[in-house]
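Note sheet for the following structure.
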């Protein structure tokens, strides 16, 4: 990788920075190596003391095989002796997943006075995904087919979904000003924005070609030889917004933030044949508010409330409404906390609650599924953290979070009354960076990550165990030929522990992914 840049021009008013990188992706999973190419350009123009133009462009191409997750054996049991290095469903002729992404951003900012400034910005993003996979799925013919069999058998599917194209365009104009009224200080921001997201894709192909077993290397099967489906519009989502936010200072101790965004939503969704299946038109108000109290300089107490708008989920292939994108959902978050700075360490504590629509493939008595938004998932938690310098040579970062996640009102009682899938009740981490006093430039690094047990299915009757992972490393900073050079060595999962890092859901199915095994990395960075 190379990152270069500098200022030029008669008054050093132009700035240019380029970043070029190539990475060989050497995966710990067998047959899953790949590569990534990256290019970015950033241009700044100080047109005058009051006017600045910023332009950014970024392109990335990534090619790597998809790694399927495990599924429960018979729907009730965790896989035995699973290896994080095994590529389930491996077929030697399978294509890699290709991802092409392009991001363009531009912003013009003008300062009208010491108190007021305005900006206009625009952004364009395009991502094209060629999704190919020899996918391991199902195999439990005696029960639910979307689990591996009790003996570890699974089906191998030739999955193809190329030319999945996603385009985002956004433009925004905003003004920010500082002023006082009636003894109150105001930092006012207001503006307008427009956003459009378009998704074009083919109806995916998912053809069974053979069977495998989690304890054996599968044989190669003939690939699907049929034609691809035609591309069609899947989603056309437009949002037009007006927003205003005011940070009001009452005195040195009290501040409040009040504001919101009014959004006009106009969204069309289409089925697998490209026919319009939904047209949502509505106005949504997204408020935000916060109150901040600083009794002394290094202590802050706060509380906040906000709403957010997110795109709806996409129905899985086996649902009656397969490929349908549901309407956008509104999430809510409330938080209260305290922050305290002591010497060179910042301590923080917060309690929070998030509420979001529950989206899932709802079963019926006929054994079929319909992807719906019904009920909500509510996460309530407490988070504690400390970050900073414990001594002149020791830097620490630590956090612990306890979370209670519950689903209510889903219409499926088996999914309620217990911790939600893939959410541990407790997470904690501790990292330390210690500069050795007897070797200038040498530092030792170390850390521990902990996760409590969590459920591996929505009914909450299969659980993966808790785990603690130890990571160590070192960093050496020196100068070579006058250039600052940094060597880094990291060793993750020092004791090569086997654990399930993720037990989440993807497109309606439950999957289990193992954490990385013992992994060592060595790198060098030269600053010039």
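The values are calculated or read from the model by the stated rules, or taken from the named source; none is laboratory data. Bear in mind the structure is a predicted one, so any value in this text is a computation, not a measurement. Cβ placement follows ideal geometry from the backbone for every residue including glycine, while neighbour counts extend to all protein chains displayed.
Within segment 502-528, can you find the residues that are more than 21 Å from residue 23 (Cβ to Cβ) and in a strand (DSSP E or B)?
502, 505, 506, 509, 510, 512, 513, 514
Taking segment 26-58 only, how many residues are loosely packed, with under 15 Cβ neighbours inside 10 Å and either in the same structural domain as residue 520 (by TED's automatic domain parsing) or under 12 Å from residue 99 (Cβ atoms) (or both)?
Number satisfying all stated conditions: 2.
This table checks each residue for (1) within 26 Å of residue 245 (Cβ to Cβ); (2) surrounded by 15 or more Cβ atoms within 10 Å (Cβ to Cβ); (3) at pLDDT 95 or above.
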| residue | (1), (2), (3) |
| --- | --- |
| 264 | yes, no, yes |
| 278 | no, yes, no |
| 284 | yes, yes, yes |
| 314 | no, yes, no |
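Give 444, 436, 430, 426 a once-over and let me know the one that is at pLDDT 95 or above, closer than 24 Å to residue 69 by Cα and touching a strand residue (DSSP E or B) at 6+ places or on another chain (Cβ under 7 Å).
That would be 426, the only listed residue that is at pLDDT 95 or above, closer than 24 Å to residue 69 by Cα and touching a strand residue (DSSP E or B) at 6+ places or on another chain (Cβ under 7 Å).
Are any residues in segment 453-482 under 30 Å from residue 362 (Cα atoms), in a loop (DSSP other than H, G, I, E, B) and either without any contact (Cβ under 8 Å) to a residue 40 or more places away in the chain or not assigned by TED's automatic domain parsing to the domain that holds residue 526 (or both), and if so, which ones?
453, 465
Tally the residues that are under 25 Å from residue 493 (Cα atoms) and part of a loop (DSSP other than H, G, I, E, B), restricting the search to segment 19-54. Walk me through how you get there before you give the answer.
Taking segment 19-54 as the starting set, the residues that turn out to be under 25 Å from residue 493 (Cα atoms) are 23-36.
Still in the list and also part of a loop (DSSP other than H, G, I, E, B): 26-33.
Total meeting the criteria: 8.
Does residue 210 meet the test of being within 19 Å of residue 87 (Cβ to Cβ) and in a strand (DSSP E or B)? Working first, answer last.
Values: within 19 Å of residue 87 (Cβ to Cβ): yes; in a strand (DSSP E or B): yes.
When the stated conditions are applied, residue 210 passes them.
Limited to segment 59-86, what total is found for residues that are within 14 Å of residue 464 (Cβ to Cβ), under 24 Å from the mean Cα position of the chain (by Cα) and either assigned to a strand (DSSP E or B) or not assigned by TED's automatic domain parsing to the domain that holds residue 7 (or both)?
Total satisfying the criteria: 1.
Kindly establish whether residue 459 is surrounded by fewer than 18 Cβ atoms within 10 Å (Cβ to Cβ), over 25 Å from residue 334 (Cβ atoms) and out of contact with any strand residue (DSSP E or B) (no Cβ under 7 Å at 6 or more places or on another chain).
yes
Tell me which strands (runs of 3 or more DSSP E) are completely within segment 360-452 and hold 2 or more residues being in the same structural domain as residue 474 (by TED's automatic domain parsing) and farther than 30 Å from residue 325 by Cα, or say none if there are none.
426-435, 442-451
Quick check on segment 323-349: of everything there that is under 20 Å from the mean Cα position of the chain (by Cα) and assigned to a strand (DSSP E or B), which residue is farthest from residue 239 (Cα to Cα)?
Ranking the qualifying residues of segment 323-349, first place goes to 333.
Please give the number of the condition residue 203 fails out of (1) within 30 Å of residue 124 (Cβ to Cβ); (2) touching a strand residue (DSSP E or B) at 6+ places or on another chain (Cβ under 6 Å); (3) modelled with pLDDT under 90.
(2)
Condition check: within 27 Å of residue 19 (Cα to Cα) and at pLDDT below 95. Does residue 456 satisfy that? It would help to see each step written out before you state the result.
On the way: within 27 Å of residue 19 (Cα to Cα): no; at pLDDT below 95: yes.
In short, no.
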